[in-house]
Amino acid sequence: MTMEKKYIAQWSCPSNIALVKYWGKLPNQIPMNPSLSLTLKNSVTTTTVSAQNLNAPFELNYLFHGEHNAAFSKRIQSVLETWQEHFPFLKNGQWRIESENSFPHSAGIASSASAMGALALSLCSIEHEILGTLNTSESFQRKASYLARLASGSAARSIYPGIVSWGTSELVENSSDEYATPLSIDVHPSVLHLNDAILIVDDQPKKVSSSAGHQLMNNHPYRNNRIEQANNNHKSIIECLTSGDFQQFSTIVENEAMSIHSLMMSSTPWYSLLHANTFEIINRIQYFRAQNNIPVCFTLDAGPNVHVIYPPNVKQQVESFIQTELKPFFKKYQPDEMGNGPEQLK
Ligand code: PMV
């Protein structure tokens, strides 16, 4: 290892939207149930990591959109501390990390998956440069996914393109609770590429974090039923992706969205992140689907914003429905779709 050398890596990593939700975790960020998501295309974080004087005491200079951000810097510092046992070179040195999102900050789009994914990938590149390890794309991605998971569970899935599964499942080859795996089945052409129109109902920070929500699952009265439900939905959605049955797919995706919000409402203490406009939008989507027989459904993250999921062949009808029928009920609109995964820029 050359101590004077400057190491630099830059990655962009997309966010992802879960169709079968990770909700509840065991120690060490192990999920209580398998989940499955779409890796997005437009909602990305780009992170540049540079390191020098690797013998000097550890020092971090973190910039978000070119500016110091104390809260983000504290979070990154604590993630790097967690990762030190996996990246021995991270204990020392002068580190500079610059990060930016392609989507407006506080747009209500979960950014921890893309941010932690981009950071994990950049550090894997630096490890490879320093130590010459991670020679295959498989070992590289697996380590990045493992580390992203330690920082933010759902980030494990953002490392891979397309449809991604995380958590042990008999149906997914090489599946693990410790890292995500791209789905290796033949997806039916009608659902091979899905769009996700993100309707921002509220862009304020969440009043209850996902970590607090996961924690409330520990003693939740429906915990075991939820684990069983998620396993069944995970299995069934893989069958729908194979057969192209969008009707059944919609049933599962919407059931997952409403189930995690019901679990929040039936926690002790209970809470709800949904808004009146969330209900207005989802009711209108159901009505539009029933009236027009158009393959479109919704999902929700841990927040009030609605993700409208549909195949590309109905793009025109769905876009016009969003503009004419849904516009009064959301504040911002971020069109997205399934993407090709992270990209190494430097
Ligand atoms: O990755 P976390 O700890 O932010 O939890 C994410 C939980 C959900 O977004 C609600 C579901 C999921 O699987 O992404």
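Please treat every number below as a calculation from the coordinates, not as lab data. Worth saying up front: this structure is predicted, and the values here are computed from it rather than measured. When we count neighbours, we look across all protein chains shown, and the Cβ atoms used for this are built from the backbone with ideal geometry, even at glycine.
Summary of values
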item: Spin-label model distance (nm) - SER262 vs GLU85, 7 Å beyond Cα toward Cβ; result: 3.8 nm
item: Principal semi-axes in Å for region 1-107 [√(5λ), Cα gyration tensor, largest first]; result: 28, 19, 13
item: Added length on full extension, which subtracts the Cα-Cα distance from 0.36 nm per residue, LYS74 to GLN247; result: 57.8 nm
item: Set of lysines near LYS346 by C-alpha distance (under 27 Å), chain-local residues within fewer than 8 positions excluded; result: LYS5, LYS6, LYS41, LYS74, LYS91, LYS143
item: Contour excess over end-to-end distance, with Cα ends at ASN313 and SER211 and 0.36 nm allotted per residue; result: 33.0 nm
item: Beta bridge orientation in the chain: antiparallel %, DSSP, nearest 5; result: 90 percent
item: In order through region 35-52: 3J(HN,Hα) via Karplus (6.51 cos²θ - 1.76 cosθ + 1.60), integer Hz, x for Gly, Pro; result: 10, 8, 9, 9, 7, 8, 10, 8, 8, 10, 10, 10, 10, 10, 10, 10, 9, 8
item: Net dipole in debye of the chain [+1 Lys, Arg Cβ; -1 Asp, Glu Cβ; about Cα centre; nearest 20]; result: 560 debye
item: Computed [θ] at 222 nm, deg cm²/dmol, the chain (DSSP H ≥ 4; -39,500 (n - 2.57); rounded to nearest 500); result: -11500 deg cm²/dmol
item: Loop trypsin sites (Lys or Arg not before Pro), region 203-284 (other Cβ atoms within 10 Å of the site Cβ: 15 or fewer; DSSP); result: LYS207
item: Furthest towards positive pole of dipole, TRP95, SER320, TYR160, structure part the chain, Cβ charges; result: TRP95
item: Mean shadow area of the chain over all directions, Cα convex hull, nm²; result: 16.9 nm²
item: Dipole moment magnitude, nearest 20 debye, region 6-185 about Cα centre, only Lys, Arg, Asp, Glu C-beta charged; result: 260 debye
item: Rh (Kirkwood; distinct C-alpha pairs) - region 6-185, Å; result: 16.3 Å
item: Close Lys-Lys pairs in region 189-337, where close means Cα under 28 Å and separation is 8 or more or interchain; result: 10
item: Cross-link partners of LYS25 among aspartates and glutamates (Cα-Cα below 19 Å; sequence separation of 8 or more within a chain); result: ASP177, GLU178, GLU228, GLU256, ASP301
item: Under 5 Å, built H, 5+ apart or other chain: amide partners of LEU63; result: ILE97, GLU98, SER99
item: Fluctuation leader among THR39, THR268, THR242 - the chain, Gaussian network, Cα springs under 10 angstrom; result: THR268
item: With at most 16 neighbouring Cβ atoms within 10 Å, loop GluC sites (Glu not before Pro) (DSSP) excluded, longest segment of the chain; result: 174-346
item: Helix runs (DSSP H) in the chain reaching 15 Å along axis by Cα, Kyte-Doolittle at least -1.0; result: 70-83, 112-131, 137-151, 246-265, 276-292
item: Distance cut-off 15 Å, percentage of C-alpha pairs in region 125-183 lying past it; result: 47 percent
item: Dipole magnitude (debye, nearest 20) for region 189-337, charges at Cβ of Lys, Arg, Asp, Glu; result: 300 debye
